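The values are calculated or read from the model by the stated rules, or taken from the named source; none is laboratory data. From a predicted model like this one, the values you see are computed outputs, not experimental measurements. Quick reminder, even Gly has a Cβ in these numbers, built from the backbone with ideal geometry, and neighbours come from all protein chains shown.
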Amino acid sequence: DIYVSTHISCVCMCVFVWACICACVCREIFALDPDLSSSSEVSYRCRKCRRTLFRGSSILSHPVGEGASAFSHKKFSNLTGNAQCTSYFIEPVQWMKPSLLRVMHGQLLCPKCSSKLGSFSWCGYQCSCGRWVTPAFQLHHNRVDEIRQIKMQK
Ligand SMILES: [Zn+2]
Ligand SMILES: [Zn+2]
């Protein structure tokens with residue numbers, strides 16, 4: 001806990017995650033909560049309660065990995081050779097903040113209906129395509145709906 005005391009505004013817990021937690025929490029790079037502002041951008045909603053969760057610009061794309069071969073150290077029996085991403089990796093958004101503080105990894109729940117949307121890890125996760133993403137804020141494709149706004153009038 002030495003870092004907590006030396007960096008007062010910081011929630012860092014250990015040397016290992018010091019850099020990334022500081023980057024995200026201390027410098028307040030959480031993306032604005034899209035539920036609190038309107039935009040013509042593509043947005044993504046909770047499939048269950050339709051709460052807006054993040055915008056298209058928050059998605060952090062990564063080069064598709066090698067697929068099943070990247071998981072050769074694990075025993076997945078149902079993997080095909082096709083590399084496919086089944087999750088969105090996004091930048092942290094403000095509504096995640098309470099669940100991100102002081103923990104290394106955990107679930108990401110909808111801020112409105114608390115249904116499970118995905119998970120996060122400051123140390124990163126391996127996408128279904130095989131690529132590692134660090135830190136990872138991962139929301140499953142089948143838990144969110146993409147909303148494209150065609151009309152810009154209110
Ligand atoms: Zn991927
Ligand atoms: Zn919800």
Task: Long-range neighbours under 6 Å by Cβ, at least six apart or interchain, first residue over 10 Å from HIS62 (Cβ atoms) and free of Cβ contacts under 8 Å to residues at least 24 places away in the same chain within region 120-137, second of a type in the set (Val, Ile, Thr) and part of a loop (DSSP other than H, G, I, E, B) - done: GLY124/THR134
Task: Number of positions in region 80-103 that are touching a strand residue (DSSP E or B) at 6+ places or on another chain (Cβ under 7 Å) and either buried (at least 17 other Cβ atoms within 10 Å of the Cβ) or closer than 24 Å to ALA70 by Cα (or both) - done: 10
Open item on the list: Residue under question is SER87, and the condition is that it be under 30 Å from ARG148 (Cβ atoms), out of contact with any Cys (no Cβ under 7 Å at 6 or more places or on another chain), of a type in the set (Gly, Ala, Ser) and at pLDDT 85 or above; does it hold?
Closed with: no
Open item on the list: Can you tell me which condition CYS113 does not meet? The list is (1) loosely packed, with under 14 Cβ neighbours inside 10 Å; (2) assigned to a strand (DSSP E or B); (3) modelled with pLDDT of 95 or more, and all the others hold.
Closed with: (2)
TODO: Could you grab the pairs with beta carbons closer than 8 Å, sequence gap of 6+ or different chains, first residue in region 82-107 and over 14 Å from GLN138 (Cβ atoms), second one polar (S, T, N, Q) and within 16 Å of ligand 1 (Cβ to nearest atom)?
DONE: GLN84/SER128; MET104/SER121
